[in-house]
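Structure first, then comments.
Derivation of every value follows stated rules applied to the coordinates shown; laboratory data play no part. From a predicted model like this one, the values you see are computed outputs, not experimental measurements. Backbone-built Cβ (ideal geometry, glycine too); neighbour counts: all protein chains shown.
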2 protein chains.
Amino acid sequence: MADKKYKIVFIGAGNVATHLGLALLKSKHTIVQVCSLHDSSSKELAKLLNSKSSTSIEDIDDSADIYIIATNDDTITKVARNIKINNKIIVHTSGSIDMKVLQKASINYGVFYPLQTFSKASKIDFYKVPVCIEASNDKTFDAINTLAKSISNTIVKIDSKQRKTIHLAAVFANNFTNHLYTIAEDILIKNDLPFDILKPLIEETNNKIKNNSPAKMQTGPAMRGDIKTMKAHKQLLSKNKDYQQVYKLLSKSIIKSTKNNK
Amino acid sequence: MADKKYKIVFIGAGNVATHLGLALLKSKHTIVQVCSLHDSSSKELAKLLNSKSSTSIEDIDDSADIYIIATNDDTITKVARNIKINNKIIVHTSGSIDMKVLQKASINYGVFYPLQTFSKASKIDFYKVPVCIEASNDKTFDAINTLAKSISNTIVKIDSKQRKTIHLAAVFANNFTNHLYTIAEDILIKNDLPFDILKPLIEETNNKIKNNSPAKMQTGPAMRGDIKTMKAHKQLLSKNKDYQQVYKLLSKSIIKSTKNNK
């Protein structure tokens, strides 16, 4: 079964559908159709994936094996209510939506959550992307598992609660981290300094946690309890109360963590 | 002058002195002495750098060309008051201490601030570390500049105010980021999930900003204004009010930044 090839329909034509679709195509699965309300993105992705294109859930091709909903979270439930697929396998790709919203669409449903941030600007090696899967029954699980294994080296079987926890942790590690880079960039630009100067530091910050627990890698004024430097930093941020508030709260949080780790 | 070799004394024997000392030794400078109040670290580093060791500022070797204070911030001023070096060049390596605290030690003083996080666990390619320098006069600047160029490809001439700004931005990009990883790890561990699962995501988060502004790379529920997911996340964090507070404040900050960037 490991090299079984599936016929797949994508509902949604955004970054997840694009990167996932390309990975599936590369592993010799067939993308039968791309269905998206946005005509231009639907056509664009369909072209990329050698598939048909549709803008209406009414025109869904019912000859596929697996239907992948890769839309934004709000649309998933609506799609599940309206799609007609004769109990074929249907999955969504969301980190935060319960699997059960799909039970209206089919008895064979599941989740196929690739734990990665996808953007137009950046090419992804899908083999390195952990895929978190769960399913409503064994037959569906086996199919999703086979599909996942054909494009990724890391498959994790988890339930909906665990998936929500992983998604939450990912918000801290990815979205919030990126926002801190945004703040750092803004502070530098406003003082006519280039963001590039921080890049070796950022690279090393991330190198260090590849083989070490971040809890053990903490450095900086808050970790050292260096009140003088923290006071000077808060003073430097006196014109931007929002950044100052972030500085204060994260410093407080580091001080507390440091105490707990001792 | 580009390949002039200097005789150097280190005051301090911590991570900065270790990594910087090794880089200087590799570039054929001579480390004359390591001076640290902690006898064992002083001896250990002196051995590594083929130099003498001392535990008292009274015993400082006055035959060197450049004296590098690589201690914690609080100690720098004390050292500057007590060191006797006949107007030899003296620098400190701190991101946040004003250069002028060194004027008690010599008329030839400056700053040699390597913008990197140094730890025992991680080897550093010093050529990639930006070194921020300033000096009290041209002669001193030239010497520090020559020294910096012998170990790094990126030398940045900045004043004390700019250096403090860079140090502040570094706290956001390095210390605070590492703390967010610590929180993410803690959330996962408490739910019996491995932190490793996030590593490809963290790698990609950092890949994306190599050639793009982080302001343009922001993703996630706060950026999308996805109130339902944010509410669910806050609910998941209801047992840890500290993490919940961090989640709320950073989400609010992202929402505000997103509006400003539109």
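Since only B:Ser27, B:Asn72, B:Ile11 are under comparison, the one whose Cα sits farthest along the positive direction of the charge dipole of the range B:7-158, derived from C-beta charges on Lys, Arg, Asp and Glu, is B:Ser27. Farthest toward the positive end of the dipole of the range B:7-158, out of B:Gln116, B:Val101, B:Ser40, is the Cα of B:Gln116, where the dipole comes from beta carbon charges about the Cα centre. Evaluate the Debye formula for the range A:61-219 with equal point scatterers sitting on the alpha carbons, no solvent, and hand back log10 of I(q)/I(0) at q = 0.12, 0.13, 0.18 Å⁻¹, in q order, two decimals. The Debye formula, applied to the Cα set alone, gives -0.65, -0.73, -1.12. About the centre of its Cα atoms, the protein assembly as shown shows a dipole size close to 760 debye [charges on the beta carbon of Lys, Arg (+1) and Asp, Glu (-1) only; nearest 20 debye].
Each Cα pair under 8 Å and six or more residues apart adds its separation to the average, and for the range B:164-261 the resulting relative contact order is 19 percent. The range B:106-209: which trypsin sites (Lys or Arg not before Pro) are DSSP loop and have at most 13 other beta-carbon atoms within 10 angstrom? For trypsin sites (Lys or Arg not before Pro) across the range B:106-209 that sit outside H, G, I, E and B with at most 13 neighbouring Cβ atoms in 10 Å, the list reads B:Lys120, B:Lys123.
From the label point of B:Ile189, set 7 Å along Cα to the beta carbon, how far off in nm is each other copy's matching point, shortest first? Here B:Ile189 shows inter-copy label distances of 3.6 nm. If the limit is 21 Å between Cα atoms, which of B:Lys161/B:Lys216; A:Lys120/B:Lys228; A:Lys199/B:Lys7; A:Lys259/B:Lys239 go over it? Where the Cα-Cα span goes over 21 Å, the pairs concerned are B:Lys161/B:Lys216; A:Lys120/B:Lys228; A:Lys199/B:Lys7.
The helix-based estimate of mean residue ellipticity at 222 nm for chain B, built from -39,500 (n - 2.57) per DSSP H run of four or more residues and divided by its residue count, is -13500 deg cm²/dmol to the nearest 500.
Residues whose amide H lies under 5 Å from that of B:Lys52, counting only those 5 or more places away or on a different chain, are B:Gln33, B:Val34; hydrogens are built 1.01 Å from N in the peptide plane. Considering only B:Ile133, B:Ile187, B:Thr165, and ranking their Cα positions along the charge dipole of the range B:122-197 that arises from unit charges at the beta-carbon of Lys, Arg, Asp and Glu, the one farthest toward the positive end is B:Ile133.
Just to confirm my numbers, what's the Cα centroid distance between the range B:194-235 and the range A:192-210 in Å? For the range B:194-235 versus the range A:192-210, the Cα centre distance is 18 Å. Rounded to the nearest whole Hz, the Karplus-based 3J(HN,Hα) values (6.51 cos²θ - 1.76 cosθ + 1.60, θ = phi - 60°) of the range A:181-195 follow the sequence 4, 4, 5, 4, 4, 5, 4, 5, 4, 5, 10, 6, 10, x, 4, with x at glycine and proline. Over all pairs of different C-alpha atoms, the range B:174-224 has a mean inverse distance whose reciprocal, the Kirkwood radius, equals 12.3 Å. Using alpha carbons only, the radius of gyration of the protein assembly as shown set against its Kirkwood radius gives Rg/Rh = 1.07.
Computed from backbone phi, the HN-Hα couplings of the range A:11-17 come to 9, x, 9, x, 5, 5, 4 Hz, rounded to whole numbers (Karplus: 6.51 cos²θ - 1.76 cosθ + 1.60, θ = phi - 60°; Gly and Pro given as x). Specify the inter-centroid distance of the range B:1-55 and the range B:89-156, based on alpha-carbon positions, in whole Å. Here the answer is 15 Å between Cα centres. For chain B, the longest principal axis of the Cα atoms and the long axis of helix B:73-82 meet at an angle of about 10 degrees.
For the range B:164-261, a Kirkwood radius taken over Cα pairs fed into Stokes-Einstein (10 °C, viscosity 1.306 mPa s) yields D = 106 µm²/s.
Give a quick list of trypsin sites (Lys or Arg not before Pro) in the range B:5-83 that DSSP marks as loop, anything other than H, G, I, E or B, with at most 15 other Cβ atoms within 10 Å.
Details: sites: B:Lys5, B:Lys7, B:Lys26, B:Lys28, B:Lys43, B:Lys47, B:Lys52, B:Lys78, B:Arg81; in loops: B:Lys5, B:Lys28.
In loop regions of the range B:5-83 (DSSP not H, G, I, E or B), the sparsely surrounded trypsin sites (Lys or Arg not before Pro) are B:Lys5, B:Lys28.
Rounded to the nearest Hz, the phi-derived 3J(HN,Hα) couplings of the range A:96-105 under the Karplus curve 6.51 cos²θ - 1.76 cosθ + 1.60 (θ = phi - 60°) are 10, 8, 4, 4, 5, 4, 8, 5, 6, 8, where x marks glycine and proline. For A:Asp138, the label point sits 7 Å beyond Cα toward Cβ; its separations from the matching points on the remaining copies run 8.5 nm, from shortest to longest. Across peptide B:225-238, the average count of Cβ atoms from other chains found within 10 Å of a residue's Cβ is 3. Near A:Tyr109, the amide H atoms lying under 5 Å from its own belong to A:Ile90, A:Ser136, A:Asn137; only residues 5 or more places off or on other chains count, and H is placed 1.01 Å from N. A:Ala13's amide H: which non-local residues (gap 5+, or another chain) put their own amide H closer than 5 Å, with H modeled 1.01 Å from N in plane and none for Pro or chain starts? The answer is none.
For the range A:164-261, with only Lys/Arg (+1) and Asp/Glu (-1) charged at the beta-carbon, what is the dipole magnitude about the Cα centre, in debye rounded to 20? The partial results should precede the final answer.
On the way: 16 positive and 8 negative charges, 127 e Å.
Dipole of the range A:164-261, to the nearest 20 debye: 620 debye.
Per residue of A:155-161, other chain Cβ atoms within 10 Å of the residue Cβ number 1 on average. Each other copy places its own label point for B:Asp159 at 6.2 nm from this one, sorted shortest first, where the point lies 7 Å along the Cα-to-beta carbon line.
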